[in-house]
Amino acid sequence: MSKLKAGIIGAGGISHSHLHGYRELSDRVEVVACCDIEQGKAQRYAERNGVARYYDNCRDMLANEKLDIVSVTTWNSAHAECAIAALEAGCHVICEKPMAINAAEAQAMKDAADKAGRLLTLGFVRRHGNDAAAARDLIQKDYLGEIYYAKATYLRRCGFPGGWFGDKSRSGGGPLIDLGVHVIDLTRYVMGNPKPVSVFGATFDKIGARDNIKTDGWVSETKVDKPIFNVEDLAVAMIRFDNGALLSVETSFNLNVKKGSGDIELFGSKAGLTFTPFELHGELNDRLADIAISGDNGFDFSRDFDREIKNFVDAVEGKAELVATAEDGVELMKILDAVYRSAETGETVFL
Ligand SMILES: NC(=O)c1ccc[n+]([C@@H]2O[C@H](COP(=O)([O-])OP(=O)(O)OC[C@H]3O[C@@H](n4cnc5c(N)ncnc54)[C@H](O)[C@@H]3O)[C@@H](O)[C@H]2O)c1
């Protein structure tokens with residue numbers, strides 16, 4: 001069987017993880033082209049990474065190359081346009097999270113995939129972690145009982161990545177759309193993808209970019225000295241699902257909290273489950289009991305990113321089902337839209 005020809009749209013930070021994932025499958029995939037709208041960036045990327053051809057826009061790349069699969073790794077506002085162009089050119093697409101900057105765009109992407117008969121998956125990398133697999137296993141075997149409440153947090157004390165992440169026209173929003181997307185999706189995934197029915201949310205922008213603080217945390221490749229910051233710095237939300245369960249979300253770029261954190265907590269009628277550390281909390285022999293599950297039940301960004309790419313390639317070759325579907329992405333965007341709408345109006349949004 002000949003190798004799948006892959007192309008990358010958006011030669012920035014996360015594209016390296018996609019490239020790494022494809023290179024791990026070098027007997028099945030060859031990355032033959034890349035493109036980026038920033039002058040000279042695709043050329044530098046191609047030369048440094050041994051990619052044969054480069055372009056300064058995706059239309060030319062899609063027209064000139066016979067690509068089978070495409071990674072969309074642009075900033076958020078370009079996801080829909082680039083993914084739809086690739087799908088219409090007959091490619092299967094993996095698009096980074098968030099799927100788009102709103103649910104209407106996400107739905108248009110799903111429609112384009114359905115019309116073209118091509119696969120569209122999303123960069124919900126947390127679905128590929130050992131923690132996600134272990135949690136789903138425990139839940140399916142009913143160790144938690146009915147899960148009626150969950151908490152998803154992704155709080156940074158000082159963690160605005162810079163670059164375009166604070167520019168709403170390119171990001172679509174702040175920590176909710178950038179970080180919250182991961183933990184909300186992960187919670188839905190382990191709970192069996194319940195549908196959202198109502199959302200109450202609030203957003204704040206009391207601290208802003210906090211770019212006066214010297215930090216050695218992760219920063220965007222496109223970091224600039226005086227970044228635009230017109231997004232929220234904190235978002236909180238309560239999401240009700242169709243199975244009656246309630247999910248509480250807290251996510252920040254900047255917050256006066258002692259320590260940043262990222263965790264999922266599930267509360268069931270038989271037991272609760274935390275992801276960090278990976279522990280069950282319940283009862284045993286009329287005593288309260290905390291059970292630490294042994295083994296590697298963690299998330300490993302690099303390993304799990306490779307798994308995400310492998311799942312995409314396996315699905316394209318008909319060897320696996322997609323772990324994250326376009327429908328999952330649309331549902332998630334509906335939730336994020338609803339949080340922002342609720343934050344604007346102060347009302348609960350019914351979906
Ligand atoms: N899965 C994860 O954990 C994870 C981690 C980081 C970033 N991301 C996501 O990956 C995407 C990219 O983030 P990043 O940190 O790599 O950003 P980045 O700024 O480093 O790279 C984005 C690149 O896209 C290019 N670009 C923008 N519009 C384009 C278009 N229409 N055509 C071609 N190129 C275009 C930009 O010039 C830039 O080089 C974002 O959607 C982000 O949310 C996901």
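One table, with the values for the structure above:
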quantity: Counted residues, region 184-210 - those being of a type outside the set (A, V, I, L, M, F, W, C) and in contact with a strand residue (DSSP E or B) (Cβ under 6 Å, 6 or more places away or on another chain); calculated: 7
quantity: Single match in 332, 322 (criterion: within 30 Å of residue 68 (Cα to Cα), of a type in the set (A, V, I, L, M, F, W, C), in contact (Cβ under 8 Å) with a residue 40 or more places away in the chain and in a loop (DSSP other than H, G, I, E, B)); calculated: 322
quantity: Residues of region 177-193 that turn out to be more than 11 Å from the chain's Cα centre (by Cα) and open to solvent by less than 10 Å² (accessible area, probe 1.4 Å), as a count; calculated: 3
quantity: So residue 23, is it under 20 Å from residue 305 (Cα atoms) and without any contact (Cβ under 8 Å) to a residue 12 or more places away in the chain; calculated: yes
quantity: Residues of region 282-313 classified as of a type outside the set (Lys, Arg), crowded, with 17+ Cβ neighbours inside 10 Å and either away from the ligand (no atom under 16 Å from the Cβ) or in a helix (DSSP H, G or I) (or both), total; calculated: 10
quantity: Top-ranked residue of region 246-272 - restricted to ones that are within 20 Å of residue 143 (Cβ to Cβ) and part of a loop (DSSP other than H, G, I, E, B), ranked as least open to solvent (accessible area, probe 1.4 Å); calculated: 271
quantity: Given (1) modelled with pLDDT of 95 or more; (2) over 21 Å from residue 14 (Cβ atoms); (3) out of contact with any Phe, Trp or Tyr (no Cβ under 9 Å at 6 or more places or on another chain), index of the condition residue 326 fails; calculated: (2)
quantity: All positions within region 77-122 that are near the ligand (Cβ under 10 Å from one of its atoms), within 15 Å of residue 331 (Cβ to Cβ) and open to solvent by 10 Å² or more (accessible area, probe 1.4 Å); calculated: 97
quantity: Check on residue 324, in contact with a helix residue (DSSP H, G or I) (Cβ under 8 Å, 6 or more places away or on another chain) and not aromatic (Phe, Trp, Tyr); calculated: yes
quantity: Top-ranked residue in region 35-76 [being of a type in the set (Val, Ile, Thr) and in contact (Cβ under 8 Å) with a residue 60 or more places away in the chain; ranked as most open to solvent (accessible area, probe 1.4 Å)]; calculated: 74
quantity: Hey, residue 71 within 13 Å of the ligand (Cβ to nearest atom) and either of a type in the set (Val, Ile, Thr) or outside any strand (DSSP E or B) (or both) or not; calculated: no
quantity: Close pairs (8 angstrom Cβ cut-off, 6 or more residues apart or separate chains): assigned to a helix (DSSP H, G or I) in region 108-123, of a type in the set (Asp, Glu) anywhere; calculated: 110/327; 112/88; 116/88
quantity: The one condition in (1) more than 8 Å from the ligand (Cβ to nearest atom); (2) surrounded by 17 or more Cβ atoms within 10 Å (Cβ to Cβ); (3) of a type in the set (Ser, Thr, Tyr) that residue 17 fails to fulfil; calculated: (1)
quantity: Hits in region 109-168 (condition: under 17 Å from the mean Cα position of the chain (by Cα) and hydroxyl-bearing (Ser, Thr, Tyr)); calculated: 121, 153, 154
quantity: Conditions (1) touching an Asp or Glu at 6+ places or on another chain (Cβ under 6 Å); (2) open to solvent by 20 Å² or more (accessible area, probe 1.4 Å): number failed by residue 275; calculated: (2)
quantity: First in region 138-160 and at negative phi, second anywhere and among the hydrophobic types (A, V, I, L, M, F, W, C) and open to solvent by 60 Å² or more (accessible area, probe 1.4 Å), Cβ under 7 Å, 6 or more apart; calculated: 147/267; 148/267; 149/267; 150/267; 158/213
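The values are calculated or read from the model by the stated rules, or taken from the named source; none is laboratory data. Treat the numbers as computed from the prediction; the structure is a model and nothing was measured. Here Cβ is always computed from backbone atoms with ideal geometry, including for glycine, and neighbour counts include all displayed protein chains. Just so you know, the surface numbers come from the protein's heavy atoms only, side chains and all, with ligands and any DNA or RNA stripped out. Shrake-Rupley method; radii C 1.70, N 1.55, O 1.52, S 1.80 Å.
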